[in-house]
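Worksheet: one structure, shown below.
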Amino acid sequence: MTDGRPILLLVGDETSDHGGWARLRIERRYRLLSVPTRDGGQAVVPSGARGVVTFHEAAADRALSFAESAGLPTAALRTVVCRRAAGTCGSMPSGESAPDTALTAVVVSVVMDGMPSPLFVARPEGHAGDSGYIVEAADPLLRCESVTGAVRAAHQELGIRGGLTATEIHVTGRGVGRQTACPRVDGLLGTNPLLRAGSLATGIDYPLVWADLAAGIEPDLTPRRNSAAAVRFTGSRSELALTAADLDVDQLPGGVWEVHLIAPGDTTSQRGSAPQAVFAVAVGEDAAACRRALDLLPGTLRLRHRQQPMDTDERNQRRTHA
């Protein structure tokens, strides 16, 4: 039986797709096919291929080069490759009243034909060695013209034409003295943890949005949910190496959606490999509910560590200051 789904060519491995989430979503509409090669290693573009994707940032340059040579859409991949380095944009004064006097957030946008459309806001959180983001579908920053205007100006200044982007936002002051600055804009792959939280909070299928952009198709951006979601990474302290982690699934707090053990190289842990971090996702009616669920998660984890070996310079430095 012929598979009628259009083909997306996959460059590189899938090690950054925790739990295979992005692939499962994309394959609802597309058939993912690793780039075939002839004898001698020459890549072949099969009939029916609509675009090129990669699940790993290290392969983005190779994926972009292949898409260019094959005459397939390149805008989304080009944004990822070109925005690895931080871009600096000027502040934009605003007379609006601010929901917060000072904050840092990340605005995720879809960009088509050079026009960014903000989709959701991710608020960074970090404490006690953890780091992560919380997304609320109804975040008030989405309704602040100074913020959306700064996002549009940043994309125009940097010449970003397409793809999914994450714009870092800094808002300071209030009233006529309020300023919004965008010091950094990054391109996102469909496996980015921000998109996992955004999908669960809004109901928009962001890996599928990313795949549509790679194929040059206008994506469906209709929200189907109005809730909150959070992602959190828990890693080892610098002087300790995580050697094993056990999860008591029966005791997982309500609201914890999924938990992954991450092995070296930012890959999903395989049998026999020592995990280096724990990646958890929570869903709730608001940010506070997500936070409560993730705060309870350590009680279901049993982590074992060993002392990290010190290099010669570090040992000498400790002896000098002893």
At 1.4 Å probe size, with every protein chain present, just tell me what the per residue accessible area of the stretch 1-80 comes to in Å².
-> 51 Å²
Stretchable slack from Arg28 to Leu142, in nm (0.36 nm times residue separation minus alpha-carbon distance) | 38.1 nm
Taking the Cβ of Val110 as the centre, find all other residues whose Cβ is under 10 Å away and add up their charges (Lys, Arg: +1; Asp, Glu: -1).
-> -2
For a quick protection proxy, order the peptides 21-28, 250-257, 161-168 by their average other-Cβ count within 10 Å, most packed first.
-> 161-168, 21-28, 250-257
Difference of contour (0.36 nm per residue) and Cα-Cα distance, Gln179 to Glu218 | 10.7 nm
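The values are calculated or read from the model by the stated rules, or taken from the named source; none is laboratory data. Model, not experiment: these values are computed from the prediction. All Cβ positions, even for glycine, are placed from backbone atoms using ideal geometry, and neighbour counts span all protein chains on display. To get the accessible areas, we keep the full protein, side chains included, count just its heavy atoms, and leave off ligands, DNA and RNA. Shrake-Rupley method; radii C 1.70, N 1.55, O 1.52, S 1.80 Å.
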